[in-house]
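Beneath this line is the structure, given in structure tokens, with notes to follow.
The values are calculated or read from the model by the stated rules, or taken from the named source; none is laboratory data. Quantities reported herein were computed from a predicted structural model and do not represent experimental measurements. When we count neighbours, we look across all protein chains shown, and the Cβ atoms used for this are built from the backbone with ideal geometry, even at glycine.
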Amino acid sequence: MNISYNWLKEYLQFDLSPQETADALTSIGLETGSVEEIQTIKGGLEGLVIGKVLTSVHHPNSDHLNLTTVDIGNGGEPLRIVCGAPNVAAGQKVVVATVGTKLYFDEDEITIKRTKIRGEESFGMICAEDEIGIGTSHDGIIVLPDEVLEGTPASEYYNVKSDYVLEIDITPNRVDAASHFGVARDLAAWLKHAGKPYKLTKPSVEEFTVDKKRRRRRSDSGEQGGLSQVLRADNTRCNSEGESGGVA
């Protein structure tokens with residue numbers, strides 16, 4: 001059974017890391033086989049930052065490349081970046097992959113390095129949608145609204161979420177732990193025994209409502225349903241059999 005670490009923390013406030021949580025669960029009989037990090041965008045956009053293009057001029061040794069300088073809001077010197085996108089221009093807010101950033105293309109992975117392109121040094125990459133995993137367009141670089149501040153992490157701008165999935169082996173006798181709240185309840189017991197802080201919160205039922213109109217319609221039509229109907233049927237059968245000399 002797969003358990004979401006973030007979902008677990010909606011029911012139980014605690015300070016264990018995902019791996020520590022897995023170890024604690026294993027120690028109380030909920031054997032956890034693996035802990036896997038998942039993200040809404042592969043790689044979590046780590047190393048990607050919002051920048052402002054300060055200058056953009058034609059590359060002296062190419063008819064389709066541009067030499068740009070980009071402020072990434074870190075207080076340092078603007079980055080010199082060689083860019084081949086046809087839509088790059090001074091004044092734009094863009095997504096920059098700094099040196100050391102990993103980008104993912106399906107199963108392939110590349111690392112951005114300091115490089116020299118047609119004799120000019122480049123210290124990063126200005127990105128298109130498909131290069132960072134937020135879309136499929138490769139027509140040009142991403143151009144963001146002017147109000148976005150340079151230096152903003154791309155993961156923050158795109159609201160990237162991260163979670164961990166804990167794979168738990170549930171034995172047939174532990175159906176009480178076959179839910180997130182069941183696991184949270186067991187983990188709360190472990191935390192209490194270990195003297196660690198925690199707060200367990202029961203799932204809210206506020207959004208559940210009773211359809212009173214439907215119940216009234218069933219009552220008016222003579223539908224009782226469930227146990228009362230079975231009991232009435234059994235009582236009628238027993239009385240009939242008693243009168244006929246069957247089962248008294």
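Being over 23 Å from the mean Cα position of the chain (by Cα) and either outside any helix (DSSP H, G or I) or surrounded by 13 or more Cβ atoms within 10 Å (Cβ to Cβ) (or both) is the filter here; which residues of segment 166-176 pass it? Break it down stepwise before answering.
Narrowing segment 166-176 to residues over 23 Å from the mean Cα position of the chain (by Cα): 170-176.
Within segment 166-176, I170, T171, P172, N173, R174 meet the criteria.
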Next item on the list: Report whether or not T115 is touching a Ser or Thr at 6+ places or on another chain (Cβ under 8 Å) and over 17 Å from T40 (Cβ atoms).
Entry: yes
Note to self: So A188 passes all but one of these: (1) assigned by TED's automatic domain parsing to the domain that holds L54; (2) modelled with pLDDT of 95 or more; (3) surrounded by 10 or more Cβ atoms within 10 Å (Cβ to Cβ); (4) not aromatic (F, W, Y). Which condition number does it fail?
What the structure shows: (1)
Margin query: Among the residues in segment 145-160, are any in the same structural domain as V94 (by TED's automatic domain parsing), touching a Cys at 6+ places or on another chain (Cβ under 6 Å) and under 30 Å from C83 (Cα atoms)?
Written below: no
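In segment 117-139, which residues are touching a strand residue (DSSP E or B) at 6+ places or on another chain (Cβ under 7 Å) and surrounded by fewer than 18 Cβ atoms within 10 Å (Cβ to Cβ)?
Pass one, segment 117-139, residues touching a strand residue (DSSP E or B) at 6+ places or on another chain (Cβ under 7 Å): 117, 120-127, 131-133.
Hits for segment 117-139 are I117, E120, E121.
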Next item on the list: Mind checking which strands (runs of 3 or more DSSP E) fall wholly inside segment 24-80 and carry at least 3 residues that are surrounded by 18 or more Cβ atoms within 10 Å (Cβ to Cβ) and at pLDDT 95 or above?
Entry: 48-58, 66-71
Next item on the list: Could you grab the pairs with beta carbons closer than 8 Å, sequence gap of 6+ or different chains, first residue in segment 78-98 and within 11 Å of T55 (Cβ to Cβ), second one crowded, with 21+ Cβ neighbours inside 10 Å and of a type in the set (G, A, S)?
Entry: R80/S122; I81/S122; I81/G124
Check: What is the one condition in (1) within 30 Å of G51 (Cβ to Cβ); (2) modelled with pLDDT of 95 or more that D139 does not satisfy?
Finding: (2)
Notebook entry, point to check: Going through segment 140-158 one residue at a time, which ones are free of Cβ contacts under 8 Å to residues at least 40 places away in the same chain and exposed (fewer than 11 other Cβ atoms within 10 Å of the Cβ)?
Noted result: E147
Next item on the list: Residue by residue through segment 168-206, note down the ones that are in contact (Cβ under 8 Å) with a residue 60 or more places away in the chain, more than 10 Å from Y11 (Cβ to Cβ) and of a type in the set (K, R).
Entry: R174, K196
